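The values are calculated or read from the model by the stated rules, or taken from the named source; none is laboratory data. Quick caveat, the model's predicted, so the values are computed rather than measured. Don't worry about glycine lacking a Cβ; one is built from the backbone with ideal geometry, like all the others, and counts go over all protein chains shown. We work out accessible area using only protein heavy atoms, side chains counted, and drop any ligands, DNA or RNA first. Shrake-Rupley method; radii C 1.70, N 1.55, O 1.52, S 1.80 Å.
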Amino acid sequence: MNRQTKEWRNRTRQMMSYKRMMLYGYMALTILLVGISMFLYQKMNRLEEKLDAVWKLENRQDVLLPNGESDLVGSNTPTGQNSVRSVLGQALADKRETSGEGSAGVSTQNPSGTTQEDASQCSSEPVKRVYLTFDDGPSVYTGEILDILAANNVKASFFVIGKDEEYYDAYRRIVQEGHTIGLHSFSHVYQDFYQSEESFAAELTELNDLLFDVTGTRSTIFRFPGGSSNTVAPLPIQTYIAYLNERGIRYYDWNALNGDAVTNGLSPWQLVNNIMKDVKKNQDSIVLMHDLQTTHATVESLQLLIDTLKENGYEILPIDEDTPLIQHVSFETVEE
Ligand SMILES: [Zn+2]
């Protein structure tokens with residue numbers, strides 16, 4: 001009996017020591033894993049910074065050297081940049097003479113009938129124009145976007161949807177601060193908006209009435225959700241365009257985009273880089289971005305975008321009646 005008790009105690013002691021060892025083992029493993037995670041996290045952050053620096057470098061070179069004028073690499077003085085720009089300006093002028101305006105697949109018309117050369121005839125170096133547009137707002141970030149635009153004295157265009165009272169101040173600020181406000185459907189639900197000519201008309205009227213009540217102005221510009229080349233509308237796009245034409249509402253697509261709604265998790269540098277790759281191809285660029293709760297990176301990239309555009313001599317303007325009609329499907333397609 002006594003011996004049995006001793007054995008039992010020994011076994012219990014052994015069990016306890018095994019348990020203790022396992023506990024220490026787990027603790028050591030946990031500490032090790034936390035350590036490795038922290039190390040990898042730091043490493044990832046450092047790599048991300050390096051990647052951003054590479055994007056930055058690539059972006060600047062893209063902008064300065066689109067035609068491979070490698071003899072001008074490394075010239076960072078203002079005169080160096082000017083000479084690069086005039087080479088680029090001449091190359092672009094030559095290209096326009098031979099191939100006409102606009103990039104492939106996007107038609108560019110000037111609604112007031114004036115030509116691109118009118119504005120730039122005094123200079124051998126045509127100023128390239130960029131129109132920044134924000135779709136799908138207002139959102140919780142509209143205020144932040146407006147603050148950055150105001151601090152830089154830059155005007156942009158907002159293609160808004162129907163929102164409740166919480167966002168009425170955002171509509172007002174857009175108008176009061178000199179930006180262009182455009183229509184983008186009330187619901188932004190493709191099936192509802194594009195369902196019929198009536199639903200299309202009803203949503204545009206509802207949105208324009210709301211804008212009038214809140215801001216005192218109506219809008220005469222529009223952007224198709226998904227663009228005029230969208231494949232979700234059940235009716236031919238011409239049906240909707242005819243409605244717009246009858247009411248003198250102009251619609252604008254885009255020929256540059258940052259990709260904020262296409263790929264998640266792009267860094268501010270990547271967003272700006274995407275835009276710079278597009279704008280260098282066009283004389284006039286309408287840039288598609290989003291004002292959504294899910295696209296804060298676009299807000300984070302805005303200062304960098306404005307700085308990069310200005311450094312490279314681009315003029316940033318809000319859309320108005322002089323803005324070329326950049327459309328994926330154009331008026332001519334309908335009238336023919
Ligand atoms: Zn949209």
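A few points about this structure:
- Selection within region 195-209 - under 27 Å from G178 (Cα atoms) and buried (at least 17 other Cβ atoms within 10 Å of the Cβ): E203, L204, L207, N208
- Residue match in region 143-152 (condition: over 17 Å from S301 (Cβ atoms) and open to solvent by less than 20 Å² (accessible area, probe 1.4 Å)): no
- Selection count, region 129-170, where residues are of a type outside the set (V, I, T) and assigned to a helix (DSSP H, G or I): 13
- Failed criterion for D278 (all others in (1) more than 16 Å from the ligand (Cβ to nearest atom); (2) within 30 Å of R218 (Cα to Cα); (3) in contact (Cβ under 8 Å) with a residue 12 or more places away in the chain hold): (2)
- Only one of the numbered conditions (1) out of contact with any Pro (no Cβ under 7 Å at 6 or more places or on another chain); (2) farther than 27 Å from M276 by Cα; (3) away from the ligand (no atom under 16 Å from the Cβ) is not met by Y171, and that is (1).
- Count - residues of region 238-258 that are part of a loop (DSSP other than H, G, I, E, B), buried (at least 21 other Cβ atoms within 10 Å of the Cβ) and more than 16 Å from the ligand (Cβ to nearest atom): 1
- Helices (runs of 4 or more DSSP H) enclosed by region 259-335 - at least 3 residues per element that are modelled with pLDDT under 95 and crowded, with 24+ Cβ neighbours inside 10 Å: none
- Within region 174-194, the set of residues being assigned to a loop (DSSP other than H, G, I, E, B), surrounded by 16 or more Cβ atoms within 10 Å (Cβ to Cβ) and away from the ligand (no atom under 15 Å from the Cβ) comprises H179 only.
- Selection within region 196-225 - among the hydrophobic types (A, V, I, L, M, F, W, C) and touching a strand residue (DSSP E or B) at 6+ places or on another chain (Cβ under 9 Å): L204, L207, L211, I221, F222, F224
- R3 being under 30 Å from Q270 (Cβ atoms) and part of a helix (DSSP H, G or I): no
- Condition broken by L235, with the remaining ones in (1) in a loop (DSSP other than H, G, I, E, B); (2) within 27 Å of the chain's Cα centre (by Cα) satisfied: (2)
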